[in-house]
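K.L.:
This is the structure I want to talk about, given as structure tokens.
The values are calculated or read from the model by the stated rules, or taken from the named source; none is laboratory data. Everything quoted here is computed from the prediction, not taken from an experiment. Every residue, glycine as well, gets a Cβ built from its backbone with ideal geometry; the counts of neighbours run over all protein chains shown.
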Amino acid sequence: MQKIEQANARAVEIMLSGDPVLVDVVPASVAIPELATGKIILHAGPPITWDRMCGPMQGAIAGIAVFEGWASDLDDAMAKAAAGEFDFQPNHHHNAVGPMTGMTTRSQPVMVVVNRASNNKAYCAINEGLGKVMRFGGNDEGVLKRLAWLRDALAPLMADALKLSGGIALKNMIARGLTMGDEMHQRNVACSGLLLRELSPYMAAVAKDNTLLSESLKFMGSNDQFFLNVGMATGKSIMDPVRNIEHSTVVTAMSRNGTDFGIRVSGLGDQWFTAPVEMPEGLYFPGFTEADANPDMGDSTIVETIGLGGFAMGASPAVAGFVGAGAASDAAVFTKDMAEICCTENPEWTIPGMDYLGVPTGIDIRRVVEVGLAPTINTGIAHKKPGIGQVGAGVVRAPMQCFTDALRAFAAKEGLA
Amino acid sequence: MRVKVIVYSGLNTNAIEGILNKPKVDESAEALFEQQLDVITIGLDGFSADLSAQQVPVTHVDWRPPAQGDPELADLLSKLGS
């Protein structure tokens with residue numbers, strides 16, 4: 001099967017040569033023109049209908065419908081959603097990604113990451129912070145007010161600053177973040193700081209209002225997960241050019257909508273292979289338990305798809321404790337396990353504490369099925385009811401069924417089954 | 001390392017002791033077990049852990065049946081060059 005090896009070599013070559021740069025923040029309807037008309041709501045994960053959506057996903061949809069002026073209140077939004085007035089589509093179908101519920105609608109600002117190696121763009125909304133936020137199903141007045149501030153205040157300031165900067169290169173920033181203890185999914189402390197350090201002089205240069213500047217810098221500086229959404233757009237910009245390589249068994253997307261987990265495989269085009277999503281095992285914030293938790297959710301698994309998150313756990317011993325994955329010394333085991341299911345390692349994204357081992361890169365569905373190890377994902381945990389928000393963080397495995405189904409389909413396409 | 005005995009997954013410590021205590025083994029095998037044993041275990045960690053606990057030198061090989069023992073998937077993997 002030399003043609004598979006050659007195709008996979010091409011896939012990881014494209015991944016490793018990716019050159020993601022954060023260049024702009026624009027309204028989603030500008031980035032994704034299809035959103036300009038109709039009532040399209042982009043969500044995380046593979047396609048799903050309203051009746052199969054989990055509580056936080058429905059809660060976020062109700063909130064974003066009110067935010068866009070498509071409903072008078074949350075009850076009205078729920079009724080209209082159930083009546084089929086909104087068009088639900090995955091972010092992944094529009095070069096976009098979104099964390100947890102992953103709401104993307106026309107007036108929301110999205111960050112634009114350009115992959116200069118392949119000249120493609122990827123989009124992700126601005127991270128809202130922790131606690132009660134829309135990505136975890138939050139939808140009250142405070143959540144919507146924050147979204148409006150992101151749209152009307154922070155986004156234009158960031159856009160002007162990015163234009164003045166000429167763009168912020170992200171590949172080296174992530175490399176530095178790995179050496180500073182980030183794995184870019186549940187820990188983004190270092191990269192959030194590095195981004196703020198690079199962007200803040202330009203924000204100061206373009207700001208016309210010192211109060212707004214101060215509020216913006218405070219918001220960004222106090223959000224340890226600010227970089228998560230940047231990292232996700234980075235992942236999407238790196239993986240989209242890997243799609244549709246004939247004979248390649250490399251995974252190009254992993255994503256979940258709170259009900260289903262889905263993967264896409266390069267040689268199988270844009271077909272989703274789905275299975276029921278799993279429940280994360282993790283630690284809960286005070287006052288919450290596993291009984292409150294919603295199953296796994298979000299497009300953020302795009303960071304694992306490029307070798308970060310659970311795949312880079314060895315770089316981030318602090319995360320192992322935060323997500324309840326064991327002792328700090330166990331972190332390297334996760335990375336070594338993930339190396340077993342990948343084509344290669346990334347020589348530019350290395351882990352000092354593992355003798356500069358490169359992060360595992362290029363998930364091969366053949367290796368996943370053969371070894372019997374499903375990808376490890378670091379994740380936040382949402383409350384299962386709408387409107388409450390994040391209740392913990394943990395680790396979850398991708399369902400093996402996605403990979404066995406994809407393997408059978410791949411073998412059939414190759415005429416081997 | 002000089003290898004004298006390979007213990008495959010499926011043999012546990014009791015089984016090894018059963019071999020060692022078997023009343024009628026041929027002389028060459030008996031001689032083997034009178035020597036210092038260097039053991040390789042394959043599969044479950046518990047095999048090597050049991051032996052280590054008894055101060056038996058052991059090297060563990062991390063191995064799983066391909067495709068978790070599913071013959072159909074193992075056949076497809078073979079055809080796909082994995």
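K.L.:
Within the range A:51-68, is there a residue that is part of a loop (DSSP other than H, G, I, E, B) and β-branched (Val, Ile, Thr)? Working first, answer last.
P.N.:
From the range A:51-68, those part of a loop (DSSP other than H, G, I, E, B) are A:53-54, A:68; that's our starting set.
Next, from what is left, pick out any that are β-branched (Val, Ile, Thr): none.
Within the range A:51-68, not a single residue is part of a loop (DSSP other than H, G, I, E, B) and β-branched (Val, Ile, Thr).
Here's the yes/no breakdown for (1) under 25 Å from A:PRO99 (Cα atoms); (2) within 14 Å of another protein chain (Cβ to nearest Cβ); (3) free of Cβ contacts under 8 Å to residues at least 24 places away in the same chain:
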residue	(1), (2), (3)
A:GLY353	no, no, no
A:GLU370	no, yes, yes
A:THR379	yes, no, no
A:HIS383	yes, no, no
A:ALA393	yes, no, no
A:ARG408	no, yes, yes
A:ALA412	no, yes, yes
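K.L.:
Out of all the residues in the range B:68-82, which are over 16 Å from A:ALA409 (Cβ atoms), within 7 Å of chain A (Cβ to nearest Cβ) and surrounded by 14 or more Cβ atoms within 10 Å (Cβ to Cβ)?
P.N.:
B:GLN68
K.L.:
Quick test for you: out of A:GLU370, A:GLU340, pick the one residue that is surrounded by fewer than 18 Cβ atoms within 10 Å (Cβ to Cβ), within 30 Å of B:ALA74 (Cα to Cα) and of a type in the set (D, E, K, R). I'd like the intermediate steps shown before the answer.
P.N.:
Details: A:GLU370 fails: surrounded by fewer than 18 Cβ atoms within 10 Å (Cβ to Cβ).
None of the other options fit; the residue is A:GLU340.
K.L.:
Which residue is nearest to the chain's Cα centre (by Cα), if the candidates are limited to the range A:244-259 and must be polar (S, T, N, Q) and farther than 22 Å from B:SER82 by Cα? Can you show your working first?
P.N.:
Within the range A:244-259, the subset polar (S, T, N, Q) is A:244, A:248-249, A:252, A:255, A:257, A:259.
Restricting the remaining residues to those that are farther than 22 Å from B:SER82 by Cα gives A:255, A:257, A:259.
Details: A:SER255: 8, A:ASN257: 12, A:THR259: 17 Å.
Looking at the filtered set, the residue picked out is A:SER255.
Yes or no, residue by residue, for (1) at pLDDT 55 or above; (2) within 30 Å of A:VAL371 (Cβ to Cβ); (3) of a type in the set (Gly, Ala, Ser):
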residue: B:GLU34; (1), (2), (3): yes, no, no
residue: B:ALA49; (1), (2), (3): yes, yes, yes
residue: B:SER52; (1), (2), (3): yes, yes, yes
residue: B:VAL61; (1), (2), (3): yes, yes, no
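K.L.:
Kindly evaluate A:ALA44 against the criterion of being within 23 Å of A:SER266 (Cα to Cα) and either surrounded by fewer than 19 Cβ atoms within 10 Å (Cβ to Cβ) or among the β-branched types (Val, Ile, Thr) (or both).
P.N.:
Numbers: within 23 Å of A:SER266 (Cα to Cα): yes; either surrounded by fewer than 19 Cβ atoms within 10 Å (Cβ to Cβ) or among the β-branched types (Val, Ile, Thr) (or both): no.
Here the answer is no, as A:ALA44 does not meet what is asked.
K.L.:
Output the number of the condition that A:LYS145 fails; it satisfies all remaining conditions of (1) surrounded by fewer than 17 Cβ atoms within 10 Å (Cβ to Cβ); (2) modelled with pLDDT under 95; (3) basic (Lys, Arg).
P.N.:
(2)
K.L.:
What are the residues in the range A:274-304 that are outside any loop (DSSP other than H, G, I, E, B), touching a Lys or Arg at 6+ places or on another chain (Cβ under 9 Å), aliphatic (A, V, I, L, M) and crowded, with 22+ Cβ neighbours inside 10 Å, if any?
P.N.:
Answer for the range A:274-304, where residues must be outside any loop (DSSP other than H, G, I, E, B), touching a Lys or Arg at 6+ places or on another chain (Cβ under 9 Å), aliphatic (A, V, I, L, M) and crowded, with 22+ Cβ neighbours inside 10 Å: A:MET297, A:ILE302.
K.L.:
Moving on to the next point. With respect to the numbered conditions (1) in a helix (DSSP H, G or I); (2) touching a Lys or Arg at 6+ places or on another chain (Cβ under 8 Å); (3) closer than 30 Å to A:ALA318 by Cα, which one is the sole condition not fulfilled by A:GLY177?
P.N.:
(2)
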